[in-house]
Structure formats: structure tokens, C-alpha cells
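First comes the structure, then the notes that go with it.
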Amino acid sequence: MELKTMYCKLKTDKPLKKSQTSYLRGYILNKFNKCGHKELHHHSGNGFIYSYPKIQYKIMGGNAYLIGIDEGTNILGSMVLDIDKLELNHELYDVVDGYISVKSEDFGACDDLKKYRFVSPWVALNEKNYLDYKKLNENGRKEKLEKILIGNLLSMSKYLNYTVDKRIEANILEYDEIPVKYKGTKFIGFFGKFEVNFNIPNLLGIGGKVSKGFGSVSSL
């Protein structure tokens, strides 16, 4: 299917750090919270909303990126021109340049294997399946990660109203564990490369903590 996406790059007067991604998200939430858009924060009056984040926050190459997906493009488009500064952990950054790009991109199962790499740590494991993962040998770990990757894509498809009409095949080409810390909590993330018969638009996240910038993929 065709998936509407909006990419917004914000260049500031001082380079940003990836570790500031949670502060970027927090600043945007606080600034535009009065609008009441659940896509911004994934909470409602009844608690957490389990879905795929339609607005994602990332810091790469010293710049901030806001990505809107589907209806998230309209929300992002309505507020991005009002962002002339960023206040991250009490430090002020002036937005001095940037761009907005709106695209309609292929999303979903395809016939050929596409190659991707993670440009931010992929949070594949929760506390339970991490213990199972550690008990496996190298081949077993690779197979488990491949099954989790397929599950991530199926879950992502469900919340983007896309029906997967063929068997997804995934192959982890290489991967490295990396310790990650977020809001004082330590966990394991993964960098690496993989191939899958699935079209994933550039920089969309898969796995856990996607709205915070984790699991972003780039095509090879």
C-alpha cells in the first residue's frame, strides 16, 4: 500500500545529541499538549494507547527529525512552523534551518528481499524474552531475533491498517548487542543489518520505544 509520510528536519544553532531524544519528545509534547492530539503522546484519559506511533522523534547527525505517518502528517504539519526553538533539559537551542518533505511511499510485503540497517538501537527484547534469548546458542539467537523482527512488522502493519497477504521472510545479516539507557533504565538494543520481503519507508522505527527514536531503519 501507499503510506503517507512527512519528514521534518530541524537544524539548530548547536548540534544535538542522540541522548537528548527523550527531551525533544518531551518539549514537543509540552508545547503542543493543549491541542489534545493522542498521536503526540500515546495517552488518553483512560491510560496508555497501544498502537504504532504516528509521530516519531529522532536525533541524527546533530539534527532533530520529526516524522509524521498517515494522519500524523496532518498533525505535524499544523504545528511544525511554530517550532522556532527547542528547550532540551533546560538548554535552549534556536532552530536556524530545516526542511519539510511529504511523500507517499511503498509499505508492505513484496516479492523481493530488501536490505536495511538499524540507524538507532532496535529494542527487540523485553525482560522475559531476554532471559530466553540469553540461553540460546548463536544460531538460536539469530532465529529468535528474526521471528521477533517478523512479529514487529506484523504488529506495525496491524496498527497502520495494512493486511499482510503473504508470508514474511526475514534474515538477520549481522547484529551487535549494545547496552542502552533510557530514563535511568538499562536494557539491550541491537545494531545490525537485515533483509526482508517488506517495504519499510526510510527512518520509520520498528520494535520497542519507537516514538522515542529507537529502532529506526534505513534502506541499503
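Extending each Cα 7 Å along its Cβ direction at residue 63 and residue 96, get the distance between those two points in nm, one decimal.
1.4 nm
Would you work out what percent of the accessible area of the chain, with all protein chains in place, is carbon or sulfur (probe 1.4 Å)?
47 percent
Would you mind computing, in nm to one decimal, how far apart the modelled labels at residue 186 and residue 110 are, each placed 7 Å from Cα along Cα→Cβ?
4.0 nm
Between residue 17 and residue 178, how many nm apart are label points set 7 Å from Cα along the C-beta direction?
Between residue 17 and residue 178, the simple spin-label model gives 1.5 nm.
Taking 0.36 nm per intervening residue step and subtracting the Cα-Cα distance, what contour gain separates residue 82 from residue 131 on full extension?
That works out to 13.1 nm of additional length.
Which whole-number value in Å² is the accessible area per residue of segment 141-220, probe 1.4 Å?
48 Å²
Do the sum for the chain: with -39,500 (n - 2.57) for every DSSP H run of n ≥ 4, divided by all residues, what is the mean residue ellipticity at 222 nm, to the nearest 500 deg cm²/dmol?
-7500 deg cm²/dmol
Give 85/114; 14/183; 103/193; 114/209; 18/103; 11/142 a once-over and call out the pairs whose C-alpha atoms are over 31 Å from each other.
Details: 85/114 38 Å; 14/183 23 Å; 103/193 25 Å; 114/209 24 Å; 18/103 25 Å; 11/142 38 Å.
Long pairs (Cα-Cα over 31 Å): 85/114; 11/142.
The values are calculated or read from the model by the stated rules, or taken from the named source; none is laboratory data. Keep in mind it's a predicted model, so treat the numbers as computed, not measured. Cβ: placed from backbone, ideal geometry, glycine included. Neighbour counts: every protein chain shown. Keep in mind that these areas ignore ligands, DNA and RNA; they rest on the heavy atoms of the full protein, side chains included. Shrake-Rupley method; radii C 1.70, N 1.55, O 1.52, S 1.80 Å.
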